[in-house]
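Here the structure is laid out as structure tokens; the discussion comes afterwards.
The values are calculated or read from the model by the stated rules, or taken from the named source; none is laboratory data. Keep in mind that this is a model prediction, so the values were computed, not measured. When we count neighbours, we look across all protein chains shown, and the Cβ atoms used for this are built from the backbone with ideal geometry, even at glycine. Accessible surface areas use protein heavy atoms only, side chains included; no ligands, DNA or RNA. Shrake-Rupley method; radii C 1.70, N 1.55, O 1.52, S 1.80 Å.
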Amino acid sequence: MGDSFGMAADNPLPVFDTHLHVGVSTTCTFVAEEVLIPWMDDGGVDFQAVFQVNQGACHRTPDWNPYIGNDYIAKIQRLFPERVIGLATINPWQQPPGKYSYPPELRGRPFDRVTRNLAIEECHRAILELGLWGLKMHPKEHGYPVNHRAVRAILTELAKVQAQAKRKLMIVVHAAADSTYNTNEAIMDVCRDFPELLFLMAHSGYIWGGKTLAPTIGPLDNVLFDLTCCAETQTVAEAYERYGVERFVTGSDGPFATIEVKNAIVNGTFKTAEERALVLGGNILKRLGIPWTRKEDGRFAMQA
């Protein structure tokens with residue numbers, strides 16, 4: 001496997017895994033209260049970003065399934081505050097229209113028949129009340145173009161909430177370029193309009209976006225290339241050559257993929273142990289400004 005990092009006294013930087021689905025859905029049974037820490041320890045992961053399973057995504061955790069929803073993610077973050085940060089899922093379609101589109105005689109007038117905007121409310125609840133660290137977006141799975149005006153409304157609100165929370169938020173976007181909803185060009189279109197937010201381009205255009213990855217995303221310093229399950233080295237080679245190791249992070253995509261796959265991708269892409277340490281954790285910790293320390297037993301811990 002080559003050089004490995006994490007959870008040892010001689011390691012220079014913590015390992016921060018950016019991509020793990022937790023909870024219970026029709027395709028997943030990852031009960032994080034019981035299996036998350038063993039998953040991390042077995043894989044040499046010091047810090048873990050977690051978010052809802054794709055098929056169970058909802059705002060509030062329902063009674064019928066206590067293992068989905070943003071409340072569940074917040075619960076896991078509270079259980080393991082030194083090692084875990086949680087990301088919210090927000091449904092951009094749970095917003096009212098701003099104006100009438102029909103009937104023709106009312107077109108363009110303010111729409112006033114719906115009095116709540118659940119998506120915008122959840123931006124505030126998830127970050128300011130639940131204490132989550134940002135957002136996981138899956139345009140393909142959840143059926144919205146990443147640069148749609150409904151998404152822009154959420155990102156506009158998150159930029160305001162970030163200022164209130166006084167901490168950097170991370171926006172993990174499923175970005176395999178595997179649908180018209182999440183092409184490199186669409187992601188570029190929206191991310192360049194929100195330079196104050198930090199976006200992680202999960203999967204880095206693998207496979208379909210490889211040819212345009214560097215020229216579209218590269219100039220945007222607020223977007224990091226996330227190598228989660230991006231097993232095609234040539235997809236990111238140009239971005240690496242042009243923009244350097246500091247723009248790269250990675251995650252496991254667990255429990256659907258393994259930490260061994262993540263390590264193999266990193267070891268096969270980056271030339272030195274120092275570069276691999278940055279990709280496996282150093283880069284994202286610096287960007288988020290998360291303070292960390294090493295405990296007497298040699299383990300790393302995030303500091304509040």
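Summary of computed values
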| item | result |
| --- | --- |
| Any chance Phe30 is surrounded by 12 or more Cβ atoms within 10 Å (Cβ to Cβ), among the hydrophobic types (A, V, I, L, M, F, W, C), touching a Lys or Arg at 6+ places or on another chain (Cβ under 9 Å) and under 28 Å from Lys168 (Cα atoms) | no |
| Long-range neighbours under 8 Å by Cβ, at least six apart or interchain, first residue at positive phi within the stretch 20-39, second in a strand (DSSP E or B) and crowded, with 20+ Cβ neighbours inside 10 Å | Gly23/Phe30; Gly23/Gln52 |
| Residue among His174, His148 that alone is more than 17 Å from the chain's Cα centre (by Cα) and crowded, with 16+ Cβ neighbours inside 10 Å | His148 |
| Pairs where the first residue, in the stretch 109-121, is under 17 Å from Ile154 (Cα atoms) and modelled with pLDDT of 95 or more and the second is open to solvent by 60 Å² or more (accessible area, probe 1.4 Å) and among the hydrophobic types (A, V, I, L, M, F, W, C), C-beta under 8 Å, 6+ apart | Ala119/Trp93 |
| Any pair with Cβ under 8 angstrom, 6 or more apart, that starts in the stretch 76-100 at a residue that is free of Cβ contacts under 8 Å to residues at least 40 places away in the same chain and ends at one that is of a type in the set (Phe, Trp, Tyr) and open to solvent by 20 Å² or more (accessible area, probe 1.4 Å) | Pro96/Phe111; Pro97/Phe111; Gly98/Phe111; Lys99/Phe111; Tyr100/Phe111 |
| Selection from the stretch 63-72 of residues that are open to solvent by less than 30 Å² (accessible area, probe 1.4 Å) and either within 16 Å of the chain's Cα centre (by Cα) or of a type outside the set (Val, Ile, Thr) (or both) | Asn65, Gly69, Asn70, Tyr72 |
| Selected residue [at pLDDT 95 or above, in a helix (DSSP H, G or I) and surrounded by fewer than 17 Cβ atoms within 10 Å (Cβ to Cβ)] from Arg78, Arg60 | Arg78 |
| Checking Ala202 against (1) closer than 25 Å to Val266 by Cα; (2) within 15 Å of the chain's Cα centre (by Cα); (3) open to solvent by 20 Å² or more (accessible area, probe 1.4 Å), the condition it does not meet | (3) |
| Where a residue in the stretch 138-165 is in contact (Cβ under 8 Å) with a residue 60 or more places away in the chain and its partner, wherever it lies, is in a helix (DSSP H, G or I) and of a type in the set (Val, Ile, Thr), with Cβ under 8 Å and at least six apart | Ala153/Ile120; Ile154/Ile120 |
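The rows are residues; the columns are (1) surrounded by 22 or more Cβ atoms within 10 Å (Cβ to Cβ); (2) hydrophobic (A, V, I, L, M, F, W, C).
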position	(1), (2)
Leu227	yes, yes
Tyr243	no, no
Pro255	no, no
Lys286	no, no
Gly298	no, no
Ala301	no, yes
